[in-house]
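K.L.:
A single structure is presented below for examination.
What follows draws every value from the coordinates through simple rules; no lab data is involved. Keep in mind that this is a model prediction, so the values were computed, not measured. Neighbour counts run over all protein chains shown; Cβ positions are idealised from the backbone, glycine included.
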Amino acid sequence: MKFWFFSFLWLFLLSACSEEQKLTPIDNKDNICRYSKWLRIAEFPTYTQIDILNPSTNELLQTIKIGDGGIIPGATLATFSSTHIGMLAELNSLEKVVAVQDIQYVYNEILRNSFNAGRITSFGNEGSPDAERIVKSGAKVIIHSAYAGPFPNEKKLNEIGITCISNFDWSETHPLGKAEWLLLFGYLTGKKDLAKEKFKAIETAYLATFKNSTKGNERIISGNVYGDFWDTPAGESYHAQLIADAGGSYVYAQTKGIGSLSLALEKVVKDAENATIWLNPGFSTKESLIRANPKAKFIKAFTTGKIYCYTHDANKFWEMNAVQPHLILEDYRRIFTQQDLENLYFYREVL
Amino acid sequence: MSVTKQIGWLIIGLLALFGAACLHVLSGETAVSLGVMKDAIFQYDPSVMDHVLFREFRLSRTLTAILAGSSLALSGMLMQTLFNNPLAGPYILGINSGASLFVGLLLMSGISIGGAQLGIVGAALVGAFVSCIFMIGLSGYLRNQISLLLAGMMFGSFTSAIVSILQQLSGAEALKAFTMWSMGTLQQVSFEELYIFAGTVSVGILLAFSMGKYLNVLVLGEKPARLLGVNIVRTRIIILIAVAILAGVTTAFCGPIAFVGMAVPNLTRLVFKTQQHHLLIGMNLIIGALFVLICDALILNWAPVLPIPLNAFTSLIGAPFVLLILMRRVR
C-alpha cells in the first residue's frame, strides 16, 4: 500500500513539475517589444521567454527560453545574415560568432580578421551547409532568416543541443521594428541591458529625425527592372515607411502590401513622370545602370533628377541598415531636402 | 503542296500575324488611344510621354517579339535540318548557353567593347558561333539523335558551370547586370536598336532562303545530298553562319529565350507535312513570331495578377512539347 501511495505521489509531482516547465505564449502586457510585429520578449524572475511569430501565418512559430535550463546567455553563434552581424557588432559581441554564411559579404573588419586568423568558419555560398559542418564549427545557436522555412536538419541539430532561431527582421514593416531585433541578440549574448540602452538611443535618434523632417515636394521612385518587371517596395513596406518618415512622397505609397510590387516598366515610366529622385537602382554609376537597363533613360529622374544608391559600399549597408535606421532616415531627409549631401552615411549620388 | 496553296497559307499566316501584333500592341498596363498611336508613329514628339510610351515601349516590344520569334524559330529549323534531328534547337543544343557564356565573360570581366549594347551583341554572336562549330564537330561523332541532344545539354551545363564560377568571382554590380540580362525580356530593345536587330536578322533570313534548295536535299541525308552535287562543307558553313547570326543576335538583345527554336519548327512541320524549305522558312518566320507575340501578350495581360518572366513561360509550353517528341521517337 505504502509503495503505491508513494508511486502515485511521485508521478503527481513529476507531472506538476513538467506542467510548470511548459511555456505559454507571451501576453501583450508582458511583451517588452513595442515596434516589432514578429518578436515578443517577456522577462520572468529566473528566465527570459522569446516568442517568434511567423509573418506568413501571423501565428506563433517558436518559443525560446533563455536561462534557467534554456539557452545559456553568451552561447556561441552561427549567423546566416549580414544584419545579424551588424547587431552583434553594435553590442560588441562579435567574439561569440563562430560561423558566418559567406565571408565575401561581411563588412565588419573584426570578423574578417577573425576569419583570416582561422577563428571562424565561412560556409560559403551554400544555402544549407550540412549538419556535420555546423557541429564542427562549435556553434550552439544558429540564427537564420527562414526565407525558405525551417533551417535544414533543424530537428537533428536540436537533438544534439544546437538551437535554430528564425529571425524575421526582414519582414518588419517599421524601421524601429526591424531594429528592435537587437534585443534578441542582447538576451542571447547576455548583454540585455546594453541592448536596451542601444535600442533606446536608436529610437530617440530616429524619432528626432522624423520630427525634424518636413513633407517636401520631391516625388520618389525606388528599385529597378529585373527581366520584364520593375521591383519596388509596396506602400506598407519598411522602405515606404522610411521614405514617408523622411518627408518624401513615394510614388507607390498608396499601394497595399509589405513586400515588393512587380510592375511593368511602361507603367513605372508613366507613374514616375514627375519623380525627381530615384532611390536604390542597384548600381553606383549611370554607365553601369544604363548598361543593365537601357530604358532607364526614359525615366525622368535619370535625365533631369537625382539618383542615390548605397551600392558603392553594399556590404556596409546590408550589415548596418537594420540596426541604424536613424542614419538611413537622416540620409533620406538630406537627400529629399538636398542639404548636407557631402556627409551621407550610407548613400551616394549615382553619377 | 501546290504553289497556290502555299501562297494561301502565307496570306493566312500574315493576317494572323497582323492580328496578333495588334493584340500585342494593345496589351499593357497603361491605356493608349488610337490617336496617340497614330501621332506616335507619324508625328513622334519625344517630349510627349504618351508618344514615348507607345513608340519605345509598346511598338518596339511588339516588333522585338516578331523579330525574336522569327529568328529563333528559323534558327531552330535550320539546325534540325542540318543535324537531321527534330530535337535540335539553339537552346537545347547549347547555342544560347554559348552566347550567354560570352556575354557573361564580357559583363562580369568589366571589359567595355564599343557601346554597351554593341559589345553584348558582338559577344553573343561570337559565343553562338563558337557553340555552333563545337556542336557541328560533335555531330560528326554522335550520329544518334538522343546522344547529340544529351551532348548539347552537357555543353549547356558546362557553360553554366563556368558562368557560376564567374558569378562567384565577379563584383556585385557586374553580377547584377548579368542576372538582369539573363532573365530574358523583350522590353529592353530601343526603337533605334531595332534597326540593327532587324538588319542583322534580315542577313540571317537571306542566308537561309539562299540555302533553301540545298536544305531540301540535306533532309535526305549527307550521302544522298553529296551524290546530288551538294557541297556539304560549304552548305554547313553557311547554315552555321545563319544560325549563329539569328540565335546570337536574338540572345544578345533579348537574353536567353527557351524552347521557341525547338518547338516552333516541329509544330510547323507537323501542320504542313512538307520538306519544301522555302515554305518552311516562311512559315517558321510567321509561326515563330506568332508564338512569341501570343506568349508575351498573355504575360502582359496577366502581369498585374501573376508576373511571369518570358523565359519561364516559353519553357512551360516548350518543355512538355520536347517530352512529347521524345516519347514519340522512343516508341
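K.L.:
Going down the list A:Lys29/A:Lys155; A:Lys178/A:Lys297; A:Lys37/A:Lys65, which pairs span over 28 Å between their C-alpha atoms?
P.N.:
A:Lys29/A:Lys155; A:Lys178/A:Lys297
K.L.:
For chain A, what is the Kirkwood estimate of the hydrodynamic radius, computed as the reciprocal of the mean inverse distance between distinct Cα atoms, to one decimal in Å?
P.N.:
Averaging 1/r across every pair of different Cα atoms and inverting gives 22.2 Å.
K.L.:
To continue, here is another question. Whole-Hz ³J(HN,Hα) for each residue in region B:227-232, computed from phi via Karplus 6.51 cos²θ - 1.76 cosθ + 1.60 with θ = phi - 60°, x for glycine and proline: what do you get?
P.N.:
Taking θ as phi minus 60°, the curve returns 5, 7, x, 7, 7, 4 Hz for region B:227-232.
K.L.:
Here's something else I'd like to know. As I understand it, the dipole of region B:14-330 uses +1 on the Cβ of Lys and Arg and -1 on the Cβ of Asp and Glu, about the Cα centre. Which of B:Ile245, B:Gly35, B:Val322 lies farthest toward its positive end?
P.N.:
Final value for the positive-end residue is B:Val322.
K.L.:
With +1 on each Lys and Arg Cβ and -1 on each Asp and Glu Cβ, how big is the dipole of the protein assembly as shown about its Cα centre, in debye rounded to the nearest 20?
P.N.:
Here the size comes out at about 2200 debye.
K.L.:
Follow-up. Taking 8 Å as the Cα distance limit and 6 or more residues as the minimum spacing, I'd like the relative contact order of chain A as a percentage.
P.N.:
14
K.L.:
Please state the charge dipole magnitude for chain B, taken about the Cα centre, from unit charges on C-beta atoms (+1 on K and R, -1 on D and E), reported in debye and rounded to the nearest 20.
P.N.:
Around 1500 debye, computed over chain B.
K.L.:
Still on this structure, please answer the following. How much FRET efficiency would the formula 1/(1 + (r/R0)^6) give for B:Leu298 and B:Ile11, where r is the Cβ-Cβ distance and R0 is 25 Å, rounded to 0.05?
P.N.:
Result of the calculation: an efficiency of 0.45.
K.L.:
Just want the answer: with Cβ charges of +1 for Lys and Arg and -1 for Asp and Glu, which residue in B:Leu166, B:Pro224, B:Leu63 is farthest toward the dipole's positive end in the protein assembly as shown?
P.N.:
The residue sitting farthest along the positive end of the dipole is B:Pro224.
K.L.:
If one computes P(r) from the Cα atoms of the protein assembly as shown, what percent of pairs lie at distances over 42 Å?
P.N.:
Of the Cα pairs, 40 percent sit more than 42 Å apart.
K.L.:
Take the Cα of B:Ala319, step 7 Å along the line toward its Cβ, and report every residue of region B:59-101 whose backbone nitrogen sits under 15 Å from that point.
P.N.:
B:92
K.L.:
When the Karplus curve 6.51 cos²θ - 1.76 cosθ + 1.60 is applied with θ = phi - 60°, which whole-Hz ³J(HN,Hα) does each residue of region B:123-135 get, with x for Gly and Pro?
P.N.:
Per residue, the Karplus-derived 3J(HN,Hα) values read 4, 5, 5, 4, x, 5, 5, 4, 5, 4, 4, 4, 5 Hz.
K.L.:
Among B:Gly94, B:Thr81, B:Gly104, whose Cα lies farthest out toward the positive end of the dipole of region B:27-120, if unit charges sit on the beta carbon of Lys, Arg (+1) and Asp, Glu (-1)?
P.N.:
So the residue furthest toward the plus end is B:Thr81.
K.L.:
FRET efficiency for B:Ser160 and B:Ile41, Cβ-Cβ distance as r, R0 = 35 Å, nearest 0.05?
P.N.:
0.25
K.L.:
Using Cα-only point scatterers and the Debye equation, what is log10 of I(q)/I(0) for chain B at each q in 0.11, 0.12, 0.14 Å⁻¹, rounded to two decimals?
P.N.:
With one equal scatterer per Cα and no solvent, log10 I(q)/I(0) is -0.70, -0.83, -1.12.
K.L.:
Next question. Considering amide H positions built from the backbone, and no H for Pro or chain starts, which residues 5 or more places from A:Gly74, or on another chain, come under 5 Å of its amide H?
P.N.:
So A:Gly74 has HN proximity to A:Thr189, A:Gly190.
K.L.:
What net charge is computed for the residues neighbouring A:Asp27, neighbours being all others with C-beta under 14 Å from the C-beta of A:Asp27, Lys and Arg scored +1, Asp and Glu -1?
P.N.:
Value of the local net charge: -1.
K.L.:
Could you go through region B:160-171 in sequence order and give the Karplus-derived ³J(HN,Hα) for each residue, using 6.51 cos²θ - 1.76 cosθ + 1.60 with θ = phi - 60°, rounded to whole Hz, and x for Gly and Pro?
P.N.:
After applying 6.51 cos²θ - 1.76 cosθ + 1.60, I find 5, 5, 5, 4, 4, 5, 4, 5, 5, 8, 7, x Hz.
K.L.:
Calculated from DSSP H runs of 4 or more alone, at -39500 (n - 2.57) each and per residue, what is the 222 nm mean residue ellipticity of the protein assembly as shown, nearest 500?
P.N.:
So the calculated ellipticity at 222 nm is -18000 deg cm²/dmol.
K.L.:
Tell me which residues come under 5 Å, amide H to amide H, from A:Trp230 once H is placed; ignore anything under 5 positions away on its chain.
P.N.:
A:Leu263, A:Ala264, A:Leu265
K.L.:
Considering only C-alpha atoms, what is the centroid distance from region A:83-111 to region B:52-93, in Å?
P.N.:
Region A:83-111 and region B:52-93 have Cα centres separated by 48 Å.
K.L.:
I've got another one for you. Looking only at the protein assembly as shown, where both bridge partners belong to it, what percent of the DSSP beta bridges are antiparallel (to the nearest 5)?
P.N.:
50
K.L.:
Check which residues have an amide H placed less than 5 Å from A:Leu61's amide H, if you skip close sequence neighbours.
P.N.:
Under 5 Å from the amide H of A:Leu61: A:Ile52, A:Leu53, A:Asn54.
K.L.:
How high is the FRET efficiency from A:Thr214 to A:Ile160, r the C-beta distance, R0 41 Å, rounded to 0.05?
P.N.:
So, using R0 = 41 Å, E works out to roughly 0.15.
K.L.:
Here is a further query. Provide a whole-number value for the mean count of partner chain Cβ atoms within 10 Å of the Cβ atoms in peptide A:286-298.
P.N.:
5
K.L.:
In whole angstrom, how far apart do the alpha carbon centroids of region B:208-244 and region A:35-63 sit?
P.N.:
71
K.L.:
Per 0.36 nm of contour for each residue apart, how much would the distance between A:Asp68 and A:Thr204 grow if the chain were fully extended, relative to their Cα-Cα spacing?
P.N.:
Answer, rounded to one decimal: 45.7 nm.
K.L.:
Over all distinct Cα pairs, what is the inverse of the mean 1/r for region A:214-349, reported as the Kirkwood hydrodynamic radius in Å?
P.N.:
Taking the inverse mean of 1/r over all distinct Cα pairs, region A:214-349 comes out at 14.9 Å.
K.L.:
Considering only C-alpha atoms, what is the centroid distance from region A:293-325 to region A:158-208, in Å?
P.N.:
26
K.L.:
Okay, moving on. If you place +1 on the Cβ of every Lys and Arg, -1 on the Cβ of every Asp and Glu, and leave all else neutral, what size is the dipole of region A:214-349 about its Cα centre, to the nearest 20 Debye?
P.N.:
The dipole of region A:214-349 has a size of about 360 debye.
K.L.:
While we're here: Take every Cα pair under 8 Å in region A:64-187 that's 6+ residues apart, average their separations, divide by the length, and report that relative contact order as a whole percent.
P.N.:
Over region A:64-187, the number comes to 25 percent.
K.L.:
Now for a separate question. If Rh is defined by the Kirkwood formula over all Cα pairs and Rg also comes from Cα, what ratio Rg/Rh do you get for region A:20-205?
P.N.:
We get a ratio of 0.94 for region A:20-205.
K.L.:
In what order do B:Met1, A:Met87 fall by count of nearby beta-carbon atoms within 10 Å, going from fewest to most?
P.N.:
Going from least to most buried by this count: B:Met1, A:Met87.
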